[in-house]
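Step one of this worksheet: look at the structure below.
The values are calculated or read from the model by the stated rules, or taken from the named source; none is laboratory data. These figures come from a predicted structure and were not determined experimentally. Virtual Cβ from ideal backbone geometry, glycine too; neighbours counted across all protein chains shown.
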């Protein structure tokens, strides 16, 4: 058993990060962050991740990742890293579970379309901020309040895990300690996300037929190195199995790099407390420069060979059209939306409420509405 690190989030009764917006009874058998995990996985928005795109907006295989299966993979990586570093594994799990809950249908194509629609009305769409709106407002599960009533530590991590927000630009986020760095538990989530999708998108790319194994091995050094290693170990095995072994080895190497480099960064900075981590001028959960270069090379390969390929660009264009057309449809007459959303327009801009409505949809639901309307 690895003892808790002195810079880890404690999560005990004296920890201000377990504070909730509304009173909630304590549970002796579960930590506050374990209860957050339960609240997240029981949320309707979490279940809808099963129907949201990871890469392919028109999936023809049950084996392609959805946002939900991707989230499960991020959870496993986040807990592995947190365990190795002696961090609060329950907080890391909660943040991994909730990290994609604010994504709209059709993945990044849908997010770009919603953002462009909102810009016409002087607003922006940000999936992290929408995730916060989802867990604080849109989920209605409890008799005493709206929202999931998550701990401050999880709500702060939703905002900060991948981006630093300015208090001047976002005064509404002032309760979330914008002058402080996030804990290491939150810092590692974005990198766990990277590790998970860099592995999964190559796998799904080959499964889809858009990518060839030889093409990946030749074009991505970190895969090529792993592929050579497993080929030497498993002579005569079919390339498809060698490729799967290589992806697992690549993933393991990236996880080990993240663990070792984060520990080295903490030691080099002489940081031994959570307060010191939060006041440090830079993030500490990072890959080594070598692994970061490999990550960037693989990400460029994925963009050039998969994400921006002609077939997927056609899918993205259709997704963009659907989101834009439906946004305009409800902006022309917001009364067409469900009554609960219409009611919210008394206090918020109609464009924001229309975007909220669309962002909560699955791919299949918005396509069915588009076909009908």
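Would you mind finding the one in 38, 62 that is surrounded by fewer than 19 Cβ atoms within 10 Å (Cβ to Cβ) and either at pLDDT below 95 or in contact with a strand residue (DSSP E or B) (Cβ under 7 Å, 6 or more places away or on another chain) (or both)?
Sole residue among the options that is surrounded by fewer than 19 Cβ atoms within 10 Å (Cβ to Cβ) and either at pLDDT below 95 or in contact with a strand residue (DSSP E or B) (Cβ under 7 Å, 6 or more places away or on another chain) (or both): 62.
Among the candidates 220, 237, which residue alone is on the phi < 0 side of the Ramachandran plot and surrounded by fewer than 18 Cβ atoms within 10 Å (Cβ to Cβ)?
Being on the phi < 0 side of the Ramachandran plot and surrounded by fewer than 18 Cβ atoms within 10 Å (Cβ to Cβ) holds for just one of 220, 237, which is 237.
Residue check: is residue 370 free of Cβ contacts under 8 Å to residues at least 60 places away in the same chain, over 25 Å from residue 253 (Cα atoms), surrounded by 17 or more Cβ atoms within 10 Å (Cβ to Cβ) and in contact with a helix residue (DSSP H, G or I) (Cβ under 9 Å, 6 or more places away or on another chain)?
In short, no.
Can you find a residue that is over 22 Å from residue 56 (Cβ atoms) and buried (at least 17 other Cβ atoms within 10 Å of the Cβ) anywhere in the range 202-212?
Looking through the range 202-212, none of the residues is over 22 Å from residue 56 (Cβ atoms) and buried (at least 17 other Cβ atoms within 10 Å of the Cβ).
Exactly one of these conditions fails for residue 336: (1) out of contact with any helix residue (DSSP H, G or I) (no Cβ under 7 Å at 6 or more places or on another chain); (2) surrounded by fewer than 15 Cβ atoms within 10 Å (Cβ to Cβ). Give me its number.
Going through (1) out of contact with any helix residue (DSSP H, G or I) (no Cβ under 7 Å at 6 or more places or on another chain); (2) surrounded by fewer than 15 Cβ atoms within 10 Å (Cβ to Cβ) one by one, residue 336 breaks only (1).
Which of the residues belonging to the range 354-373 are part of a loop (DSSP other than H, G, I, E, B) and either in contact with a strand residue (DSSP E or B) (Cβ under 6 Å, 6 or more places away or on another chain) or over 9 Å from residue 104 (Cα atoms) (or both)?
Once the filter is applied, which keeps residues that are part of a loop (DSSP other than H, G, I, E, B) and either in contact with a strand residue (DSSP E or B) (Cβ under 6 Å, 6 or more places away or on another chain) or over 9 Å from residue 104 (Cα atoms) (or both), the range 354-373 yields only 373.
Does the range 353-363 include one or more residues that are free of Cβ contacts under 8 Å to residues at least 12 places away in the same chain and either more than 30 Å from residue 164 (Cα to Cα) or in contact with a helix residue (DSSP H, G or I) (Cβ under 6 Å, 6 or more places away or on another chain) (or both)?
So far as the range 353-363 goes, no, none of its residues is free of Cβ contacts under 8 Å to residues at least 12 places away in the same chain and either more than 30 Å from residue 164 (Cα to Cα) or in contact with a helix residue (DSSP H, G or I) (Cβ under 6 Å, 6 or more places away or on another chain) (or both).
Looking only at the range 39-57, which residues are under 15 Å from the mean Cα position of the chain (by Cα) and assigned to a loop (DSSP other than H, G, I, E, B)?
Step one: filter the range 39-57 for residues under 15 Å from the mean Cα position of the chain (by Cα), giving 40-41, 45-50, 52-55.
Answer for the range 39-57, where residues must be under 15 Å from the mean Cα position of the chain (by Cα) and assigned to a loop (DSSP other than H, G, I, E, B): 52, 54, 55.
This table checks each residue for (1) touching a strand residue (DSSP E or B) at 6+ places or on another chain (Cβ under 9 Å); (2) farther than 21 Å from residue 85 by Cβ.
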site: 141; (1), (2): yes, yes
site: 145; (1), (2): no, yes
site: 149; (1), (2): no, yes
site: 157; (1), (2): no, no
site: 165; (1), (2): no, yes
site: 175; (1), (2): no, yes
site: 179; (1), (2): no, yes
site: 186; (1), (2): no, no
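With (1) surrounded by 15 or more Cβ atoms within 10 Å (Cβ to Cβ); (2) touching a residue at least 24 places away in the same chain (Cβ under 8 Å); (3) more than 22 Å from residue 74 (Cα to Cα) as the list, and residue 178 as the residue in question, which single condition is left unmet?
For residue 178, the exception is condition (2).
Residue check, residue 168 against (1) part of a loop (DSSP other than H, G, I, E, B); (2) at pLDDT below 95; (3) touching a helix residue (DSSP H, G or I) at 6+ places or on another chain (Cβ under 9 Å), all met but one. Which one?
Only one criterion is unmet by residue 168, namely (3).
Let me confirm something: among 87, 91, 114, which residue is outside any helix (DSSP H, G or I) and either touching a strand residue (DSSP E or B) at 6+ places or on another chain (Cβ under 6 Å) or crowded, with 24+ Cβ neighbours inside 10 Å (or both)? Before the answer, list the steps.
Values: 91 fails: outside any helix (DSSP H, G or I); 114 fails: outside any helix (DSSP H, G or I).
Matching residue, one of 87, 91, 114: 87.
Sort through 139, 156 and tell me the only one that's touching a helix residue (DSSP H, G or I) at 6+ places or on another chain (Cβ under 7 Å), crowded, with 17+ Cβ neighbours inside 10 Å and at pLDDT below 95.
The match here is 139.
On the given criteria, is residue 49 surrounded by 14 or more Cβ atoms within 10 Å (Cβ to Cβ), in contact with a strand residue (DSSP E or B) (Cβ under 7 Å, 6 or more places away or on another chain), under 20 Å from residue 150 (Cβ atoms) and touching a residue at least 24 places away in the same chain (Cβ under 8 Å)?
Yes: the conditions hold for residue 49.
Find the residue count for the range 261-275, including only residues that are in contact with a helix residue (DSSP H, G or I) (Cβ under 9 Å, 6 or more places away or on another chain), surrounded by fewer than 18 Cβ atoms within 10 Å (Cβ to Cβ) and modelled with pLDDT of 95 or more.
Result for the range 261-275: 3.
Quick check on the range 11-25. Is at least one of its residues out of contact with any helix residue (DSSP H, G or I) (no Cβ under 6 Å at 6 or more places or on another chain), under 19 Å from residue 96 (Cα atoms) and free of Cβ contacts under 8 Å to residues at least 40 places away in the same chain?
no
Taking the range 171-188 as the region of interest, how many residues are under 16 Å from residue 17 (Cα atoms) and outside any loop (DSSP other than H, G, I, E, B)? Walk me through it before giving the result.
Initial filter on the range 171-188 (under 16 Å from residue 17 (Cα atoms)): 173-187.
Next, only the ones that are outside any loop (DSSP other than H, G, I, E, B) stay: 173-176, 184-187.
Residues flagged as under 16 Å from residue 17 (Cα atoms) and outside any loop (DSSP other than H, G, I, E, B) within the range 171-188 amount to 8.
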